[in-house]
Every structure is written in C-alpha cells, then in structure tokens.
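Student: Structure provided below as structure tokens; questions to follow.
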Amino acid sequence: MSLTSLVSSEELVQRAHAYHQTILAANVRLTTPPVSRLHLVSITPTASKGDRITSASVAFSFTVEPEDCNAWGTIHGGCVFTLCNAAGKIATAVVAAGARNIVSTDLTTNYLAAVPHGATVTIEIECLRVTRSIGFLRGSIKDAQGALCYISVQNVSFEM
C-alpha cells in the first residue's frame, strides 16, 4: 500500500488549510501578516503505521515583502521564526488528524544566509513523528536557487 493511498491528498490539503485558517482566526497582530501569505505547495507523506500517516513533509512558498525585513533589507529573524512556527503547526495538523490547540514548546532556528526583499523562498517542514500529544519537526527555508538559508527544529504540544 502506498503512503498516498492511506489518506487522500484532498484530505491532507484540507487539514493544512483548516489549521492555517485556525492560526489566522486567532488574529495575533504580530504574526498574521506574514502567515497569511504562506502558500501551500505540496504535502508528501513520508511514513505510515497501519492505516495512518505517521510523518509528512509540507512545503510552502513565501515572498518577502518590505514589512518582513530588517534595516539591511533582508528578512528579519522574527519573521523567519514566525513562519517556521506556523508551518510547523500546520504540518502537525496534517499528520495528527484532529489535533487542536497546537503550541510550540521548543523552536530553534539557525540562520545560514540572508534572504532579500522581493525574494520568493520555499519553506519545507517535516513532521517527523507525533505521539498522543507531542510532535517533533524539522524544517528549512531555501532561496529560489535551492540554497539553504535557514534551518529549524521544533517540538509542539497539542490536544486531540
């Protein structure tokens, strides 16, 4: 049985969109603008157990606007952190069907290269594993040429 046959791609996309809307509905003024511009590119299940997906990679595109930048005209660290945080929560919702109140308990981001205003990046987050209430994730942000610019490691807590 292939991983994609366990849960339909439409169901996975619906889970991602639903949690994205949950984040936006929280109306946190500091995080909503960049998070609202995350565009889902793909969802790829990466492991399964029985009839459920146990890990998946979720990719988004994001174009850096002036309000996302620091004084040097590159995306600022707080924006990178916010994007990784939101993308990680969405990836968790994809794998842990029915998860709610997803909260980051730990998020580390490492900055490898700057991304300038106007650039479009790919944010890829892999939900490596979920337990009954915790998710383990890793992610990256790459520029249009595929060069690694930022990496992240994240743990989340959630309710079912």
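The values are calculated or read from the model by the stated rules, or taken from the named source; none is laboratory data. Owing to the predicted nature of the structure, the values given are computational and were not obtained by experimental measurement. Counting neighbours? That spans all protein chains shown, and the Cβs are built from the backbone with ideal geometry, glycine included. Remember, those area values only see protein heavy atoms, side chains included, never the ligands or the DNA or RNA. Shrake-Rupley method; radii C 1.70, N 1.55, O 1.52, S 1.80 Å.
Student: Of all the accessible heavy-atom surface of region 3-160, with the other protein chains kept in place and a 1.4 Å probe, what percent is carbon and sulfur?
Tutor: 54 percent
Student: What's the extension gain from TRP72 to LEU148 if we count 0.36 nm per residue and subtract their Cα-Cα distance?
Tutor: 25.4 nm
Student: For ALA47, enumerate residues with amide H under 5 Å from its amide H, sequence gap 5+ or separate chain, H modeled in the peptide plane.
Tutor: Answer set, sorted by chain and number: THR54, SER55.
Student: Additional query: Semi-axes of the equivalent ellipsoid for region 111-160, please: Cα gyration tensor eigenvalues, times 5, square-rooted, ordered largest first, whole Å.
Tutor: They are 28, 9, 9 Å, listed from largest to smallest.
Student: Using a 1.4 angstrom probe, figure out how much accessible area region 34-76 has per residue, in square angstrom, rounded to the nearest whole.
Tutor: 48 Å²
Student: Run the numbers for HIS17 and SER133: contour at 0.36 nm per residue of separation, minus the present Cα-Cα distance, in nm.
Tutor: Value of the extension gain: 39.7 nm.
Student: Another question about this same structure. Read phi for every residue in region 119-131 and hand back ³J(HN,Hα) as whole Hz from Karplus 6.51 cos²θ - 1.76 cosθ + 1.60, θ = phi - 60°, with x for Gly and Pro.
Tutor: Couplings: 6, 10, 10, 10, 10, 10, 10, 10, 7, 6, 6, 10, 9 Hz.
Student: Less than 16 Å from a label point 7 Å out along the Cα-to-Cβ axis of ALA47: which backbone N atoms in region 135-160 qualify, by residue?
Tutor: In region 135-160, the label zone of ALA47 (backbone N under 16 Å from the point 7 Å along Cα→Cβ) covers 135-139, 154-156.
Student: OK, next. May I ask you to evaluate 6.51 cos²θ - 1.76 cosθ + 1.60, the Karplus curve with θ = phi - 60°, for each residue of region 132-143 and list the ³J(HN,Hα) values in order in whole Hz, giving x for glycine and proline?
Tutor: Values per residue, Gly and Pro as x: 5, 8, 9, x, 10, 9, 9, x, 8, 10, 10, 7 Hz.
Student: Convert each backbone phi in region 69-77 into a coupling constant with the Karplus relation 6.51 cos²θ - 1.76 cosθ + 1.60 (shift: θ = phi - 60°), then list the ³J(HN,Hα) values in order as whole Hz, x for Gly and Pro.
Tutor: Working through the residues one at a time gives 9, 8, 5, 8, x, 10, 4, 7, x Hz.
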